[in-house]
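K.L.:
Following this message is one structure expressed as structure tokens.
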Amino acid sequence: AGRLDPMASGKLLILIGDECKNQTAYHSLDKAYEFSVLLGVSSDTHDVLGRLTPVEAANIPNLESQLQAIAQTLTGDIELPYPHFSSKTVQGNPLHVWTLEGRLGEIEIPTKASTIYSFELKNIETKTREDVAAEARTKIDTIPEVTDPSKSLGNDFRRVDVRKDWEGIRTDTSLPEHFHIAHFHCIASSGTYM
């Protein structure tokens, strides 16, 4: 009664027998999420499978209190654009297809209204650039290779290029030696992207 993206793990409801007829009743259940945010690196997919861009991540005074304040501003009713690599259908194609074909300029990105019931910063940890890159590579390598010809547009999640990007992060001595990772817990309405 749902699906997870390739980098997510968690519990999904499995319906059997006559309960399958009630599948839509399960689609609007609230969800709880545990997720982490790496500060100082951005990706076009908002996860480790995206093409990377280092971003300015200077030492932020009062980082913990600033992240808590941001979490508070996102609590309640919100409306955000769908991620470009989501499966949200626009004019007959998922957004990720529009993105991979380089045709986003032809459409208007829809927004998603959600309710964030609670959004809590759990902790912030610091890791070396080397450890961050190694952990990202390990996560990337857990996904089975995509060989289905019908999914060739996704080009196996562009993993050859993404691996090179993470290697660049690992070896680029102009980047900070350490990165902060903020860990969050969130309870949100169905369909909210983390």
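K.L.:
Largest first and in whole Å, what are the equivalent-ellipsoid semi-axes of segment 68-137 based on the Cα gyration tensor, each being the root of 5 times an eigenvalue?
P.N.:
The three semi-axes for segment 68-137 are 29, 22, 8 Å.
K.L.:
Spin-label point model (7 Å from Cα, Cβ direction): what's the Leu4 to Glu56 distance in nm?
P.N.:
Spacing of the two 7 Å Cα→Cβ label points: 3.7 nm.
K.L.:
List, in the order given, every pair from Lys112/Lys164; Lys21/Lys88; Lys11/Lys164 whose Cα-Cα distance in the structure shown is over 30 Å.
P.N.:
Pairs exceeding 30 Å: Lys112/Lys164; Lys11/Lys164.
K.L.:
Along the Cα-to-C-beta direction of Asp156, a point sits 7 Å from the Cα; which residues of segment 41-78 have their amide N less than 16 Å from that point?
P.N.:
Within reach of a label on Asp156: 49-50.
K.L.:
Please give the net charge around Cys186, taking every other residue with its beta carbon less than 12 angstrom from that of Cys186, where Lys and Arg add +1 and Asp and Glu add -1.
P.N.:
-1
K.L.:
Treating only the Cβ of Lys, Arg, Asp and Glu as charged (+1, +1, -1, -1), what charge dipole size does segment 101-161 show about its Cα centre? Round to the nearest 20 debye.
P.N.:
Computed about the Cα centre, the dipole is about 120 debye.
K.L.:
In terms of the Cα gyration tensor, with a ≥ b ≥ c the square roots of its eigenvalues, is segment 119-186 rounded because a/c is under 1.5, prolate because a/b exceeds b/c, or oblate?
P.N.:
Oblate, since a/c reaches 1.5 and b/c is not below a/b.
K.L.:
Given the rule -39500 (n - 2.57) for each run of at least 4 DSSP H residues, summed and divided by the residues of the chain, what is its mean residue ellipticity at 222 nm, to the nearest 500 deg cm²/dmol?
P.N.:
Counting only the DSSP helices, I get -7000 deg cm²/dmol.
K.L.:
Could you pull out every residue, at least 5 positions away or on a different chain, whose amide H is within less than 5 Å of the one on Ser42? Hs are placed 1.01 Å off N in the peptide plane, and Pro or chain starts have none.
P.N.:
Thr53, Val55
K.L.:
In segment 73-177, carbon and sulfur make up what percent of the accessible area (probe 1.4 Å)?
P.N.:
Its accessible area is 49 percent carbon and sulfur atoms.
K.L.:
Oh, and also: Give the relative contact order (percent, whole number) for segment 1-94; include only Cα pairs under 8 Å separated by 6+ residues. Walk me through the intermediate numbers first.
P.N.:
Details: 48 pairs, mean separation 16.8, N = 94.
Normalised by residue count, the contact order of segment 1-94 is 18 percent.
K.L.:
Suppose each label sits 7 Å from its Cα in the direction of the beta carbon; what would the Ile109-Ala69 distance come out to in nanometres?
P.N.:
Computed distance between label sites Ile109 and Ala69 equals 2.5 nm.
K.L.:
Please report Rg (one decimal) and Dmax (integer) in Å for the Cα set of the chain.
P.N.:
So, for the chain, Rg and Dmax equal 18.3, 59 Å respectively.
K.L.:
Calculate, for the chain, the solvent-accessible area per residue in square angstrom, rolling a 1.4 angstrom probe over the heavy atoms of the protein chains.
P.N.:
Per residue, the chain has an accessible area of 64 Å².
K.L.:
How would you order 24-34, 162-172 from highest to lowest mean count of nearby Cβ atoms within 10 Å?
P.N.:
Numbers: 24-34: 11.7, 162-172: 15.9.
Going by the mean number of other Cβ atoms within 10 Å, highest first, we get 162-172, 24-34.
K.L.:
Evaluate the relative contact order of the chain (contact order divided by residue number), counting alpha-carbon pairs under 8 angstrom at least 6 apart; express in whole percent.
P.N.:
Relative contact order for the chain comes out at 33 percent.
The values are calculated or read from the model by the stated rules, or taken from the named source; none is laboratory data. Just so you know, these numbers come straight off a predicted model, no measurement behind them. Positions of Cβ are backbone-derived with ideal geometry, glycine not excepted, and every protein chain shown enters the neighbour counts. Just so you know, the surface numbers come from the protein's heavy atoms only, side chains and all, with ligands and any DNA or RNA stripped out. Shrake-Rupley method; radii C 1.70, N 1.55, O 1.52, S 1.80 Å.
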